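The values are calculated or read from the model by the stated rules, or taken from the named source; none is laboratory data. Every value quoted in this text rests on a predicted model; they were computed, and no experiment measured them. In this analysis, Cβ positions are derived from the backbone assuming ideal geometry, glycine residues included, and neighbour counts consider all displayed protein chains.
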Amino acid sequence: MDLNTNIKFLKGIGEARAKKLNKLGIKTIKDLIYHIPRKYVDRTQIFDLDYSLLGKEIAIIGEVISKGNVDEENIVVLKCNKEFVELVWKKSPFILSYFNKGDKVLAAGKLYKFKNSYRILFPEFEFVKENKNSFLIGVIPIYPLTERITNEFLREIISYVLDNYKNEILEQLDILPDEIKNIRNIPDKWKILDSIHRPPKIVDAIEARKALVYEEMLIFFLNLLSSMHYRELFAPKLERKGHLTDKLIQKLPFSLTNAQKKVISEIEDDLNKTIPMHRLLQGDVGSGKTIVALYASLIAIENGYQSAIMAPTEILAEQLYNVISYWTFGLNVNVALLTSDIKQSLKYKILKDLSDGKIDLIVGTHALIVEDVKFKKLGLVIIDEQHRFGVNQRALLLKKSKEWTPHFLVMTATPIPRTLALTFYGDLDVSIIDEKPFSPKIITKWIFEDKRQVAYEWLFKEILEKNKQAYVVAPLIEQSEKLQVKAVEEIYDFINRIKPPEILIGIVHGRMNREERQKNMQDFRNGKFHILVATTVIEVGIDIPNATIMIIEHAERFGISQLHQLRGRIARSNSIAYCVLITPRNVSNDAEKRLKAIVEFTDGFKLSEIDLQIRGPGDLLGTKQHGIMEFKFTNLLDNEHKKIISIARKDAILLLQKDPKLRNYPKLLKAVESYKKELDILVG
């Protein structure tokens, strides 16, 4: 029988039960045997009743001596040697009809004490008969259930399939090549599933689950990596010459961290090949990614090629342009900025110079991917804050080079747990800058709205006595940019009403025109304003060392990543920085977890792990956006599963290097193609 056969045709199922099973995602026989227990209960021995067992899951055998209803409770009393135990159900009088005095019953569940009587509430039970194996003794799988589908029924029907369809399971589902099974010590698929559903010991079930995780992730990575056509493309070989890169390093007033040096070495190795670089660079706020990106760009320029850096917002593009212009001053490198709102005459000149090859490095927003933009010799594409761009937008910039494929570097200051980075960006090599040029101390306080006035009085005192500058971030209103601007203006008016006259305030938000926004930012940078009231436009790219205080209004509306990014704006020097989170007294449980995490931790990677635990991987990265299905067997939070993910990725790479089309592994190829079809359906 084909294991993809509709579940209703399996013996003992039928139309009605099939509809119930469909609610659990069980539509075929294959789905049934892949319906994995959510936990296991160890009932490998029958216990005598004893106080030491209270609160524990146990199995007992006893004889029915009485039954009856007391108030709304339905009680069957068993005698177990010299002790008695009450099996208790509530509002289920029909249950008593199953029992007769003298019946021998095996019951299982958690043992309690109630008014000097032992009790098991809502026990699983079966009648002890000769020559009948018990489904309640041993290591018991506990499955996800739905209405009128019991654990006992699932155990029986899955055992039936395992006993009667062993050959079909081995033929249709045993897809791993023998060479992998031998190296990774993985048994055949029937043994794996038998250990999942009928394990002799809990450890056997755990090991079997690991085998399913490995297979699931191997198929995932084979699908992902086999689509990496760029490995077959040609890129220019860019060798570090030194006449620009060495001068950049000499200009820096600080030494590169060891992490920066390591990442630069990885990028140099990539650029020195004719296979296009495809690398993800992760670095926490203030870790020095911009210098690494500029260094890579200068290698391209040293070889006579152009470099393009695309940022998601005009503010970030402007900031990058200003920083890069500063560090390349005197290096004879022509840097330009291209955004959608620059004047037409200037835009025309930039486009002409770019196509003529007079511009070495261009920084821009989505304006870089419009059809008019043409490069003479594009060798390197860098995407900053890459999670804000779609796959198609990134591809459009890479296609600006017709004769070869540019090298490709994507950067993010939003730390992603390494397991997620390997999984969701498995087609990219991953580099991490995990140290900073300096170690700022940030003190974060969470206060309630009734202390708001006190917080601002403290802020004014810090500004006047210590000549500090501060950001005040308005509440996040995602539904409407218009309402967001209104929120900023209300905060601005509030501070104006309560501040001392000598304190000056500026304002920045996304709906201001470019000239006004740049002027206000520059005035704040030059110290003309003490306080800058802003939206999340300051989340990335703003670097003002004297601004060491931040107040975030309605901080409960922000995610962990946003709060961490915002707070990073005041961690630009070795000075002590202060971040104040203001919220109502009543916030949601998840908001409370986020706020407590931000108060306790400043490490972005640690915070990303907490964010993953709160939101889950799909919500953290946007599953559909990244074309990733929810995994059936793999738990990205499980430390053992994390290790398996790395192993599966390495094995997938080795398999594809050996056999790119998987022609020698037909079962594996079929599984990958099937996965791809399911994925195509999921993402539309």
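Looking for something aliphatic (A, V, I, L, M), surrounded by 16 or more Cβ atoms within 10 Å (Cβ to Cβ) and assigned to a loop (DSSP other than H, G, I, E, B) - is there at least one such residue anywhere in the stretch 155-173? Yes, some residue in the stretch 155-173 is aliphatic (A, V, I, L, M), surrounded by 16 or more Cβ atoms within 10 Å (Cβ to Cβ) and assigned to a loop (DSSP other than H, G, I, E, B).
I'm trying to understand the selection: among the residues of the stretch 338-355, which are part of a loop (DSSP other than H, G, I, E, B) and exposed (fewer than 12 other Cβ atoms within 10 Å of the Cβ)? Listed by number, the residues that qualify are D341, K343. The set of residues from the stretch 448-472 being in contact with a Ser or Thr (Cβ under 9 Å, 6 or more places away or on another chain), surrounded by 20 or more Cβ atoms within 10 Å (Cβ to Cβ) and within 25 Å of P584 (Cβ to Cβ) comprises just one member, A470. Can you confirm whether the stretch 563-574 contains a residue that is assigned by TED's automatic domain parsing to the domain that holds A597, surrounded by fewer than 19 Cβ atoms within 10 Å (Cβ to Cβ), closer than 22 Å to K466 by Cα and modelled with pLDDT of 90 or more? Within the stretch 563-574, not a single residue is assigned by TED's automatic domain parsing to the domain that holds A597, surrounded by fewer than 19 Cβ atoms within 10 Å (Cβ to Cβ), closer than 22 Å to K466 by Cα and modelled with pLDDT of 90 or more.
The residue that is nearest to K110 (Cα to Cα), counting only those in the stretch 142-152 that are in contact (Cβ under 8 Å) with a residue 60 or more places away in the chain and outside any loop (DSSP other than H, G, I, E, B), is I142. Is the stretch 108-116 home to any residue that is in a strand (DSSP E or B), aliphatic (A, V, I, L, M) and over 37 Å from the mean Cα position of the chain (by Cα)? Yes, there is a match, as at least one residue in the stretch 108-116 is in a strand (DSSP E or B), aliphatic (A, V, I, L, M) and over 37 Å from the mean Cα position of the chain (by Cα).
Considered as a group, the residues in the stretch 275-331 that are among the aromatic types (F, W, Y) and within 24 Å of K374 (Cα to Cα) include one that is modelled with the lowest pLDDT, and that residue is Y321.
Residues that are more than 33 Å from the chain's Cα centre (by Cα) and under 23 Å from L298 (Cβ atoms) within the stretch 356-376 comprise D356, G357, K358, I359, D360, V373, K374, F375, K376, listed in sequence order.
If you go through the stretch 643-671 and keep only what is among the hydroxyl-bearing types (S, T, Y) and either closer than 19 Å to K210 by Cβ or modelled with pLDDT under 90 (or both), you end up with just S646.
Note on the stretch 260-279: among residues that are among the aliphatic types (A, V, I, L, M) and surrounded by fewer than 22 Cβ atoms within 10 Å (Cβ to Cβ), the one that is nearest to L380 (Cα to Cα) is I275. From the list V363, V335, V381, the lone residue that is more than 24 Å from Q522 (Cβ to Cβ), surrounded by 14 or more Cβ atoms within 10 Å (Cβ to Cβ) and in contact with a helix residue (DSSP H, G or I) (Cβ under 7 Å, 6 or more places away or on another chain) is V381.
Looking only at residues of the stretch 49-75 that are in a loop (DSSP other than H, G, I, E, B) and out of contact with any strand residue (DSSP E or B) (no Cβ under 7 Å at 6 or more places or on another chain), we find that the one that is modelled with the lowest pLDDT is D50.
Pick from the stretch 373-395 the residues that are in a loop (DSSP other than H, G, I, E, B) and modelled with pLDDT under 90: which of them is farthest from V410 (Cα to Cα)? Here the answer is G390.
Of the residues screened, K358 is not one that is of a type in the set (D, E, K, R) and either at pLDDT below 95 or buried (at least 23 other Cβ atoms within 10 Å of the Cβ) (or both). Scanning the stretch 595-609 for residues that are crowded, with 16+ Cβ neighbours inside 10 Å, at pLDDT 90 or above and β-branched (V, I, T) turns up just one, I598. Against the conditions (1) part of a helix (DSSP H, G or I); (2) surrounded by 22 or more Cβ atoms within 10 Å (Cβ to Cβ); (3) in contact with a helix residue (DSSP H, G or I) (Cβ under 8 Å, 6 or more places away or on another chain), V285 satisfies every one except (1).
For the stretch 542-570, the candidate set comprises residues that are part of a strand (DSSP E or B) and not hydroxyl-bearing (S, T, Y); within that set, the residue that is nearest to N586 (Cα to Cα) is E553. If the condition is being in a loop (DSSP other than H, G, I, E, B), among the small types (G, A, S) and either modelled with pLDDT of 95 or more or under 24 Å from P545 (Cβ atoms) (or both), then the stretch 469-509 contributes only A474. On the basis of being loosely packed, with under 13 Cβ neighbours inside 10 Å, within 19 Å of K113 (Cα to Cα) and either of a type outside the set (D, E) or in contact with a Pro (Cβ under 7 Å, 6 or more places away or on another chain) (or both), does V70 make the cut? When the stated conditions are applied, V70 passes them. Restricted to the stretch 242-264, and to residues there that are closer than 15 Å to N332 by Cβ and either acidic (D, E) or in a loop (DSSP other than H, G, I, E, B) (or both), the residue that is farthest from the chain's Cα centre (by Cα) is H243. If you go through the stretch 315-332 and keep only what is farther than 15 Å from I382 by Cβ, in contact with a strand residue (DSSP E or B) (Cβ under 9 Å, 6 or more places away or on another chain) and in contact (Cβ under 8 Å) with a residue 24 or more places away in the chain, you end up with I315, E318.
Listed here are the residues, each with its yes/no results for (1) modelled with pLDDT of 95 or more; (2) in a strand (DSSP E or B).
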| position | (1), (2) |
| --- | --- |
| E130 | no, no |
| I140 | no, yes |
| P187 | yes, no |
| K191 | yes, no |
| P200 | no, no |
| R209 | yes, no |
